[in-house]
C-alpha cells in the first residue's frame, strides 16, 4: 500500500482535477460523506450530538460536508468554524454555503462542556499542509479537545491536526484521535511515531480518484502488506535437499558474546536455510557445540582477547566459494584487529552479504569500502549504528526514518534496514517499505541477531535482497505478535521466543 507525501498528494489531487476532469467539489463531497459514515460507526448505540471542528482549508470543507451528511441522517450536529466564512478556501466556502442552506448549525465557539458531552468530535481543522507548531485559535481548540476527550470518540479527517504529514513529527498541540479517515491513500504520518499513536486506528477511503492513476502515482514508500510478504516466502519443491534450499555462512561471536552467534544461527535455520555454517573464534566452539547441534562449526584464528583474528580473512574468503550468502557482525566485538578483518571481508566478499552489529561499527567512516562491492549487500543498523554510519545525531535521524533509510541505502549501495518503530527497509534504487508488524516485545536483547539470521537465510534461499530483508522484518513482527498472544502480553518475551515462532508464521503466510 503506497504512502504519499504531502507534495505527492497535492500533485495527485491537481492531476485528477486538472488533467482527468474530476470536479474538486465532487472529491470533497465524497470525502465528507466518508467521514460522516465513519462517525456513524463511532456512535455505536450512543445518542448525542456530533461536533465538527472546521478549519479554513479543504480539510474544513470535508468537515462541513460531513456535518451536512450527518444532519441528513437525523444525527444532531454542531459545526464549529472559528473564522469568518470569507477566510475559507473556495471549495470550503462552497460547502459552507451548502451547509447553511440546509440549516446546519455553525457556531464560532464551543464550550468545554459541549466538547465533553458530544458523542463524537470530528477533527477537520488542519490537513497535510502543516509544518511546525500549530498556534492561535487552532492550537487552543486542539488543546481543549484533548483535555476533555483524551482521544475517546475523536475522529480525525485525513490525519490528526498538528501532525506533520511526511515525518509524523509533532512540534506543538496535536489532536489525539481514536480513529482517522484518510483520503485516497495513507500518509507516512499514520505509520511513523508519534503521529501513528495520535492517529489511532485508521482506514483509507475512496473519494473518486481513477484507480489507474493511483496505481501509477509515485510514492515516498509502501506499507508492507500481508499478500506481498506471502508472495516472497520461498517454497520448497518435493525434490529439495539441504544444498538446494540455502547454504548460509555466519561470521559471529567473541569471548562473552556467544549468544549473538547462537541466536543468529538458530534463526537462519528456523527461517528455512538448509545448512548453516558458523565461523567463530576457535576457543568458542566447545562452548557452543552442545547448544547448536545442527550448526556446522568453522573454527577461526583468534586474537589474545578471544575475538576473530585478521588471519581468518583468507580462509573465510576461500569458504565464500561454497555458500549462497553470508552474515558478518553479531557479537564480533570492537577489537581493533577484528575490525580490520571485518573491513577486508566486507570489501572483498564476492557474494550476497548481510552486515550487522559490530561489523557496522567497524565500517563506520570507511564509505569507500562499500563502493567496491559488486554483489548485493544488506545492512541492518539500529539508531546508534545508523548515527555512526551517517555521522548524524540519533535525534535527527528519528525525525525522518524513511529519509534516513533511503540516504543510507543510496550512500552505501545496500538495502538498508533501519531498525526501530517502525522499521524502514530501503533499496539503493529509491524503493522503501515501512513495516507494520511487531510490538514492544521486540525491545529485548538479541532480536537484532534473530533478524540478521533470518535475512541471511532468505538471501541464501535466493530471495532478492530487498524482499529478503522486508520479509524477515515482517515475519519477525508477526512472530512477536503471535508470542504476545501466547504469553498474554509483551513483557517477558525473549529472542528465543521469536525464533521458535518463525516457522509457524512463515507457514501461515504461505497459507
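Things worth noting here:
- At full extension, residue 500 and residue 226 could sit 96.6 nm farther apart than now, given 0.36 nm per residue minus the alpha carbon distance.
- Ranked 371, 410, criterion: other C-beta atoms within 10 Å, fewest first: 371, 410
- Relative protection proxy for 456-467, 330-341, from highest mean packing down: 456-467, 330-341 (other beta-carbon atoms within 10 angstrom).
- Pairwise centroid distance, computed over Cα atoms, of the stretch 426-465 with the stretch 193-218, Å: 25
- Take every DSSP beta bridge whose two residues both sit in the stretch 237-468; close to 25 percent of them are antiparallel.
- Listed values [x] 1.04; [y] 1.12; [z] 1.20 include one computed from this model; for Cα Rg over 2.2 N^0.38 Å that value carries the label [y].
- For 296, 80, 205, 120, order by how many other beta-carbon atoms lie within 10 Å, fewest first: 296, 205, 80, 120
- Angle in degrees between helix 90-101 and the longest Cα principal axis of the chain, rounded to the nearest 10: 50
- Entry note, the chain: the mean residue ellipticity at 222 nm calculated from DSSP H runs of n ≥ 4, each adding -39500 (n - 2.57), is -13000 deg cm²/dmol after division by the residues and rounding to the nearest 500.
- Angle in degrees between helix 58-72 and the longest Cα principal axis of the chain, rounded to the nearest 10: 60
- Peptides 468-481, 104-117 ranked from most to least packed give 468-481, 104-117, packing being the mean of other C-beta atoms within 10 angstrom over each peptide's residues.
- Burial ordering of 437, 165, fewest other beta-carbon atoms within 10 Å first: 437, 165
- On Cα atoms only, tilt of 336-348 relative to the major axis of the chain in degrees: 80
Computed from the coordinates by the stated procedures, all read-outs in this text should not be read as laboratory data. Predicted model only: the values in this text are computed from it and were never measured. Every residue, glycine among them, receives a Cβ derived from its backbone with ideal geometry; neighbour counts consider all protein chains shown.
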